[in-house]
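The structure under discussion appears below in the form of structure tokens.
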């Protein structure tokens with residue numbers, strides 16, 4: 001089990017479960033040549049509307065994902081503390097390598113259905129790095145249905161592209177848009193924001209040395225995207241903060257890039 005501790009004030013980050021996933025471990029991308037799973041969960045018959053919980057107070061976020069999400073969780077918690085101070089907010093992280101394992105976990109389903117979360121963020125849909133193999137999305141659709149039925153604003157979190165792969169971010173983002181067409185959900189445009197950031201002069205490195213995971217500043221960029229989708233508030237309104245990665249100038253640049261991209265791209269059906 002991996003915990004992020006208790007932040008200052010009333011903001012807490014907790015790790016409910018961490019299964020086969022660590023800070024430098026696995027990617028949700030599947031290596032070429034692997035065959036897709038069979039998918040044992042049927043897609044939901046209903047397609048509920050996505051609850052709009054942007055104005056909910058306190059904010060209570062359940063984030064389910066793998067090592068790409070675990071690095072974002074503490075950064076997101078700090079942003080929500082900065083942007084929504086004096087609220088008894090909470091963020092909990094459950095770690096799974098893939099979302100199909102989360103869908104098969106009774107403890108994860110219990111948390112989704114009974115935890116009283118205002119927001120449910122899902123990261124870890126299987127996909128093929130080569131783009132040749134199509135993996136089932138029924139488990140992810142199943143989790144979206146359970147989250148909406150419990151009153152959570154659901155958010156799909158397609159992670160950033162790997163270093164040097166200019167097409168992966170958009171491909172993974174489009175995959176998640178397809179899931180949202182089947183089972184309505186918000187989709188955080190993480191890949192497109194990264195693509196825009198990587199084109200900007202003066203933006204520092206966002207990847208860790210493995211070229212797969214984000215470094216601290218890259219995790220902060222993804223957290224800015226999720227913050228704006230969760231709250232509906234522009235990332236540019238957040239104050240620069242010495243406790244966050246990067247210089248104040250670098251933070252301001254990433255905030256501006258996030259707000260610029262999201263101003264022209266719908267993330268949720270109710271926007």
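Points to keep in mind about this one:
- Residue count for region 259-271, restricted to those that are out of contact with any strand residue (DSSP E or B) (no Cβ under 9 Å at 6 or more places or on another chain), in contact (Cβ under 8 Å) with a residue 60 or more places away in the chain and under 13 Å from residue 232 (Cβ atoms): 1.
- Residues located in region 179-202, provided they are part of a helix (DSSP H, G or I) and either under 21 Å from residue 262 (Cβ atoms) or in contact with a strand residue (DSSP E or B) (Cβ under 6 Å, 6 or more places away or on another chain) (or both): 179, 180, 181, 190, 191, 192, 193, 194, 195, 196, 197, 198
- Residue ID - surrounded by the most Cβ atoms within 10 Å (Cβ to Cβ), chosen from residues in region 167-185 that are in contact with a helix residue (DSSP H, G or I) (Cβ under 7 Å, 6 or more places away or on another chain) and free of Cβ contacts under 8 Å to residues at least 40 places away in the same chain: 173
- For region 234-249, the set of residues classified as surrounded by fewer than 18 Cβ atoms within 10 Å (Cβ to Cβ) and either part of a helix (DSSP H, G or I) or touching a strand residue (DSSP E or B) at 6+ places or on another chain (Cβ under 6 Å) (or both) consists of 236, 237, 248, 249, listed by residue number.
- Hey, residue 121 at pLDDT 95 or above, in contact with a strand residue (DSSP E or B) (Cβ under 9 Å, 6 or more places away or on another chain) and within 14 Å of residue 230 (Cα to Cα) or not: yes
- Selection within region 203-233 - under 19 Å from residue 60 (Cα atoms) and assigned to a loop (DSSP other than H, G, I, E, B): 232, 233
- Among the residues listed as 246, 202, the single one being touching a helix residue (DSSP H, G or I) at 6+ places or on another chain (Cβ under 6 Å), farther than 30 Å from residue 152 by Cβ and touching a residue at least 12 places away in the same chain (Cβ under 8 Å): 246
The values are calculated or read from the model by the stated rules, or taken from the named source; none is laboratory data. All figures in this text were calculated on a predicted structure; none of them were measured in a lab. For neighbour counting, all protein chains shown are included, and Cβ atoms are generated from backbone atoms with ideal geometry for every residue, glycine included.
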